[in-house]
Amino acid sequence: MISKLPDLETTIFSVMSKLASENNAINLSQGFPDFKIDPELSELIYKASTEGHNQYALMSGMKSLRDGISDVIKNIYNREVDPDSEITITSGATEALYAAISAVVSPGDEVIMFDPAYDSYEPAVKLNQGIPVRIPLTFPEYKIDHEKLLTAINKKTKLIILNTPNNPAGSLISKEDIELLKEIVSKHDIYIISDEVYEHIVFDNEKHYSMLTEDELYKRSFVISSFGKTFHITGWKVGYCTAPAELTSEFRKIHQFLTFSTSTPSQFALSEYIKNIDRIKQLGKFYQSKRDLFLELINGTGFKPLGCSGTYFQLLDYSDLTDENDYDFAVRLTKEFKVASIPVSVFYQNNTDNKVLRFCFAKEDETLRQAAELLKTVK
């Protein structure tokens, strides 16, 4: 058998989580909360299931949930979107990303993405016979280099994939980036996929610039969102894609043959739960307190924190501790010091090693305290 992805190995998230389990280490590698979800949400999904809502949902998603998402988008981004023709419920954001990429990428099309890039982007492009074009963000700010972006664009460029807030970097795109993107789409036949799964986790009164906020960008964009990140339910695998009707039509052609529909009890529960929009609006403050606690706890260690404006990941520079490459150090940190992290080089095309590890702070305060005590012993 000839592999379609011959260079692809097991995802780093599985590797490090397995290593954490084998070594009884605190797992700050994979991005999932270790605290319980809101009991009200648990009760809602139980109620939906016991009341018989256990069969296939509509391919596009439950109408009541799409209506609720439309209300949230209107409230937060001041944009009217048609829940029937512009919103599709998906089985997680990864499925939405794959469907969006498949909807627009044809053989030979070039797709721009920014390193460090989330690991599902490039395989999806390659499976659709597209050509990944990877541009490094500036270090250590992790910002878009405008000159490099403009230089990369040519007649073969079909798609730009954005990720804001960025995983793993925790950086945000800026107003200047938005203006450049508007200029690009006005001159070129280019689409945008904006991975905004951490859209509600933004800190320090910074602004999240969504493709939903600009008419010129939205008409060329697929915006990907995640209930898993917003409501601490990553295992439910419920996301959604918002896009103009013409793009949504193409998106659904792919979506219907990937998963067709998404967990019905989950959709019933979420359609009720999102009616209280304060839960979403308080999310940034909730995670900022955890970021700040984590930074306070690791103060005095040999780790140096980089900027974190969003997501629930903190990058730590370990260059004062060792010259080891980040993968080897992450493995040693897990085995010897019992704290698992993610080496950031795996998010780069050429495994660029800036001596930085990614730590997830979406954890109970006590988990963070225990991890910090262990990190203080690292030499």
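Using the 10 angstrom Cβ neighbour count as an exposure proxy, how do M1, M16 rank, fewest first?
Fewest to most other Cβ atoms nearby, the residues stand as M1, M16.
Could you work out which residue, out of N166, N350, N23, moves most in a Gaussian network model of the chain, that is, has the largest mean-square fluctuation with Cα springs under 10 Å?
Looking only at N166, N350, N23, the largest GNM fluctuation is found for N350.
How many nm separate the modelled label positions at L180 and K285, each set 7 Å beyond the Cα in the direction of the Cβ?
Going by the 7 Å Cα→Cβ label model, 3.4 nm.
If amide hydrogens are placed 1.01 Å from N in the peptide plane, which non-local residues have theirs closer than 5 Å to the one on I131?
Hits under the 5 Å cutoff: G108, D109, E110, V111.
Taking Cα pairs under 8 Å and at least six residues apart, what relative contact order does the stretch 68-217 come out at, in percent?
Over the stretch 68-217, the number comes to 22 percent.
So between F257 and K275, what do we pick up on full extension, going 0.36 nm a residue minus the alpha carbon distance?
Residue separation times 0.36 nm, minus the Cα-Cα distance, leaves 3.5 nm.
Only Cα pairs within less than 10 Å get springs; with that Gaussian network setup on the chain, which residue of S266, S106, S341 has the largest fluctuation?
Evaluated over the chain, the most mobile residue of the options is S106.
Okay, helix-only estimate at 222 nm for the chain: each DSSP H run of n ≥ 4 adds -39500 (n - 2.57), divide by all residues, round to 500 deg cm²/dmol; what do you get?
-12000 deg cm²/dmol
From the backbone phi of the stretch 283-293, what are the Karplus-calculated ³J(HN,Hα) couplings (6.51 cos²θ - 1.76 cosθ + 1.60, θ = phi - 60°) in whole Hz, Gly and Pro given as x?
Working through the residues one at a time gives 5, x, 5, 4, 7, 4, 5, 6, 4, 4, 5 Hz.
Answer with a single label: of (i) 40, 24, 20; (ii) 31, 26, 20; (iii) 69, 25, 19, which was calculated as semi-axes √(5λ) of the Cα gyration tensor in Å from the structure in view?
(ii)
In sequence order, what are the phi-derived ³J(HN,Hα) couplings for the stretch 18-28 according to the Karplus relation 6.51 cos²θ - 1.76 cosθ + 1.60 with θ = phi - 60°, rounded to whole Hz, with x for glycine and proline?
5, 5, 4, 5, 5, 10, 6, 9, 6, 8, 9
Kindly work out what percent of the DSSP beta bridges joining two residues of the stretch 138-255 are antiparallel, to the nearest 5.
Bridges in the stretch 138-255 are about 30 percent antiparallel.
Roughly what % antiparallel, to the nearest 5, for the DSSP beta bridges in the chain?
In the chain, approximately 45 percent of DSSP beta bridges are antiparallel ones.
Taking 0.36 nm per residue of sequence separation and subtracting the Cα-Cα distance, how much length would be gained by fully extending the chain between K376 and E43, in nm to one decimal?
115.8 nm
Say we join alpha carbon atoms closer than 10 Å with springs in a Gaussian network model of the chain; which of E40, E250, E110 then has the biggest fluctuation?
Among E40, E250, E110, the largest GNM mean-square fluctuation belongs to E40.
Label-point separation (nm) for L5 and L150, each offset 7 Å from Cα along Cα-to-Cβ?
3.5
Short version: ³J(HN,Hα) in whole Hz for each residue of the stretch 368-379, in order, from phi by Karplus 6.51 cos²θ - 1.76 cosθ + 1.60 (θ = phi - 60°), x for Gly and Pro, what are they?
Along the stretch 368-379, the couplings run 5, 5, 5, 5, 5, 4, 5, 5, 5, 8, 6, 9 Hz.
List the lysines whose Cα sits under 20 Å from the Cα of K355, skipping any in the same chain fewer than 8 residues away.
The reachable lysines, counting only those whose Cα sits under 20 Å from K355, are K143, K304, K335, K338, K376, K379.
Read the figures in this text as sums done on the coordinates, not as results from a lab. These numbers were taken from a predicted model, which means no experiment stands behind them. Methodologically, a virtual Cβ is constructed for each residue, glycine included, from the backbone with ideal geometry; neighbour enumeration extends over all protein chains shown.
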